[in-house]
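Engineer: For reference, the structure I am asking about is given below.
The values are calculated or read from the model by the stated rules, or taken from the named source; none is laboratory data. Model, not experiment: these values are computed from the prediction. Every residue, glycine as well, gets a Cβ built from its backbone with ideal geometry; the counts of neighbours run over all protein chains shown. To get the accessible areas, we keep the full protein, side chains included, count just its heavy atoms, and leave off ligands, DNA and RNA. Shrake-Rupley method; radii C 1.70, N 1.55, O 1.52, S 1.80 Å.
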Amino acid sequence: MDELLTLAWAHGGVLTTRLAGDIGIGRDGLTQAVRRRTLRHLDRGLYAVGPAPATPELRHLELCRALRLEYPDAVLAGHSAVLAHGLPTWRVPLDRALLLREVPRQIRRSGAVIRPTAGAGLSVATGEGAASVPAVALTQLALDHGSFAGVISADAALHRGLVSLDDLRAELGRRRRHRRVQQATAMCHLVDGASESPGESRLRVTLALVSIAVEPQFVVRDEDGEVVGRADLRVAGTNVLIEFDGAVKYREGGAEALVREKRREDRFRALGWVVVRVTWADLEHPERVIAAVRRAMAVASRTASLAS
């Protein structure tokens, strides 16, 4: 089966039934290769070599590569394009790719949804092939999967300079007749490129929904104006800081990172700030997060009253 391996690696680690047929290997040969674990079966008529990618996002991009091998004219769209641009997604189903092709109407096949290119907007080359430009992809993601999902991906795009708010607004105007345009409109209202992680974005939007305004990446200074540190969020107009604990920085920095974080937080509190820590697990219970922030706001208010 050296021919299959060579063929697959020549196409980014993927191949199709049609390409295998071109070198004289039919369905029986492909089935045997899968049984021997020479190939992995991705989807109908699509195969890959090597170990399966470690994350759902990478597995989705592998599927996209195989589908584009099947449909060379296809353009990645929506969540597939967002991933192709290296942006995060949140709670977006990744079992199907979204493709644009010259088809008269939407087609659903195993592993993909294929939509007409008509009116789909601009595309650009990425490492995964042709994909909708970021503003178009992000707007489509919000239309398909909701404003929360859109904000988390759009925050990252803004933060990295891949898109501007004007770009998003222009694309929103182009989609103003879409039946779910409210979802994309909400995304544009809620995005903030200052957020540095999906967790911070989700936390900020959760608080915005109950009218708790926050300032991302708030710089804390001491009495002499020296910078003490930077908090993920500050509740506007209060002495409440909110830190999102994604745990990644602790895994990367080990015990030293934990010690540094503890000292920084102790300095915040010594300066009169009330600190709320939020984890991914906490975000699964937004009502608890909101209650914790409101309690901290009440404590900060009482402390300020006593001080005055």
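Engineer: Hey, any hits in segment 113-121 for a residue that's under 17 Å from residue 60 (Cβ atoms), β-branched (Val, Ile, Thr), in contact with a strand residue (DSSP E or B) (Cβ under 6 Å, 6 or more places away or on another chain) and buried (at least 19 other Cβ atoms within 10 Å of the Cβ)?
Structural biologist: yes
Engineer: While we're on this one: Take the residues in segment 256-289 that are among the hydrophobic types (A, V, I, L, M, F, W, C) and either under 16 Å from residue 239 (Cα atoms) or in contact with a Cys (Cβ under 6 Å, 6 or more places away or on another chain) (or both); name whichever of them is surrounded by the fewest Cβ atoms within 10 Å (Cβ to Cβ).
Structural biologist: The residue in question is 270.
Engineer: Name the residue, out of 139, 126, that is farther than 30 Å from residue 21 by Cβ and either out of contact with any helix residue (DSSP H, G or I) (no Cβ under 6 Å at 6 or more places or on another chain) or of a type in the set (Val, Ile, Thr) (or both). First the steps, then the outcome.
Structural biologist: Values: 126 fails: farther than 30 Å from residue 21 by Cβ.
From the options 139, 126, the qualifying one is 139.
Engineer: Still on this structure: For a quick check of your reading: which strands (runs of 3 or more DSSP E) sit entirely within segment 78-137 and have at least 3 residues that are over 15 Å from the mean Cα position of the chain (by Cα) and in contact (Cβ under 8 Å) with a residue 12 or more places away in the chain?
Structural biologist: 97-101, 112-116, 129-132
Engineer: Still on this structure, please answer the following. Can you tell me which condition residue 40 does not meet? The list is (1) closer than 20 Å to residue 138 by Cα; (2) surrounded by 15 or more Cβ atoms within 10 Å (Cβ to Cβ); (3) not aliphatic (A, V, I, L, M), and all the others hold.
Structural biologist: Unmet condition: (1).
Engineer: Could you list, in sequence order, all residues of segment 20-37 that are touching a Ser or Thr at 6+ places or on another chain (Cβ under 9 Å), surrounded by fewer than 20 Cβ atoms within 10 Å (Cβ to Cβ) and under 19 Å from residue 110 (Cα atoms)?
Structural biologist: The answer is 27, and nothing else.
Engineer: Okay, next question. Inside segment 157-210, counting only helices (runs of 4 or more DSSP H) that do not spill past its ends, which hold 1 or more residues that are crowded, with 19+ Cβ neighbours inside 10 Å and either in contact (Cβ under 8 Å) with a residue 60 or more places away in the chain or polar (S, T, N, Q) (or both)? Before you say what the answer is, go through the steps one by one.
Structural biologist: On the way: elements: 165-174, 181-190, 198-208.
Passing ranges, in order: 181-190, 198-208.
Engineer: A further question follows. Which of the numbered conditions does residue 78 fail, given that it passes all the others? Conditions: (1) farther than 21 Å from residue 13 by Cβ; (2) out of contact with any strand residue (DSSP E or B) (no Cβ under 7 Å at 6 or more places or on another chain); (3) of a type in the set (Gly, Ala, Ser).
Structural biologist: The failed condition is (2).
Engineer: Residues of segment 1-19 being open to solvent by 80 Å² or more (accessible area, probe 1.4 Å) and closer than 17 Å to residue 63 by Cα, which ones?
Structural biologist: Once the filter is applied, which keeps residues that are open to solvent by 80 Å² or more (accessible area, probe 1.4 Å) and closer than 17 Å to residue 63 by Cα, segment 1-19 yields 9, 18.
Engineer: While we're looking at this one, here's another question. Please work out which one of (1) open to solvent by 20 Å² or more (accessible area, probe 1.4 Å); (2) of a type in the set (A, V, I, L, M); (3) in a helix (DSSP H, G or I) is the condition residue 54 fails and give its number.
Structural biologist: So the condition that residue 54 fails would be (3).
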